[in-house]
Amino acid sequence: MRLTLRGWAAALASLPLLAAAADAPLWEVGAGVSALSFPAYRGSDQRNQFVLPIPYFVYRGEFFKADREGVRAELFETDRVTLTVSGALSPPSASKDIVAREGMSDLRATGELGPQIDVRLWQSENRRRTLKLLLPLRTGYTLERSPQHVGWVFHPKLNLDLTDLPGLPGWNVGLQAGPVFGDRRQHAYFYGVSAADARAGRPAYVAEGGFGGMQYLVGVSRRYRSHWVGAFLRYDRLSGARFADSPLVRDRHYVAGGFAVSWILGESSTRVVVDD
């Protein structure tokens, strides 16, 4: 469930909500529902299907923003480079529900915080097609009475937004691709097996930091007058990952996907200029 919710949030972040609008409400709020299918964690051979409520919140302030790129504070911006501080939350995952982790400690809920640099590499003259290099670096901690540091994650990726595809008026398409890197502590938290947790079919394993596989994502969305719809597919390839030999990795190639619809329940009367 950790990567289910987190993956859906990441996918929603890649789907353009409003494309190149001259002006838009300062804020919008709503609520919706999503259906999705994911492995229990990256590398798990067990899948979970969920129907979950989702909030819809957009805020287009000069400093604080909550939109298709996530919740963040913009610290610095030029014509091509933006520096932000952003965070992420992940719910817990019970090991009793995962055969490969049976008897091991549960994966706690975690929070992540860190800087992200966005570099615009190319943009069409009508600003309907944009290619960016996204460079997020976050550190994570478990959310409990005595927080545990669970390492760093670096996920550079190319992000292509298309909002003028022929035959799809009003639809937005987002494409992402890039490697995932984690330090030793991050990989040990999810893929390490201590001597005390070792058993037949699950030998002890010491995870090392480094390359954590590739992720590829495609998302589509459309904003209507009173509601928003979106869907995504994500492919993960763990071949070559530093933790690929962990006994907790049962599937090195998998596809995840989901669909969501949100109804816009309110918006501000204040309008702001949007240059998306």
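Order of Asp183, Asp45 from fewest to most other C-beta atoms within 10 Å?
Ranked by crowding around the Cβ, least crowded first: Asp45, Asp183.
Over the stretch 2-273, what is the relative contact order in percent, taking alpha-carbon pairs closer than 8 angstrom and at least six residues apart?
It comes to 21 percent, rounded to a whole number.
Which listed residue (Thr270, Ile98, Ala109) has the Cα farthest towards the positive end of the charge dipole for the stretch 2-273, taking +1 on Lys and Arg C-beta and -1 on Asp and Glu C-beta about the Cα centre?
Of Thr270, Ile98, Ala109, it is Ile98.
So for the stretch 108-223, what are the equivalent ellipsoid semi-axes in whole Å, largest first, each being the square root of 5 times an eigenvalue of the Cα gyration tensor?
37, 16, 14
If each residue of separation counts as 0.36 nm, what is the full-extension length gain between Arg47 and Ser239 once their alpha-carbon separation is subtracted?
67.2 nm
Roughly how many nanometres apart are two label points built 7 Å out from the Cα toward the Cβ at Thr270 and Thr139?
The two pseudo-label positions are separated by 3.4 nm.
If we sort 250-260, 197-207 on the protection proxy, mean other Cβ atoms within 10 Å, highest first, what's the order?
250-260, 197-207
In what sequence do Glu208, Glu112, Glu144, Glu28 fall when counting other Cβ within 10 Å, fewest first?
Glu144, Glu208, Glu112, Glu28
How many percent of all Cα-Cα pairs in the stretch 2-273 sit more than 30 Å apart?
That fraction is 31 percent.
Since every read-out is calculated from the coordinates, none of them should be taken as a lab result. Note that the structure is predicted; figures quoted are calculated from it, not measured. FYI the Cβ positions are ideal-geometry reconstructions off the backbone, even for glycines, and counts take in every protein chain you see.
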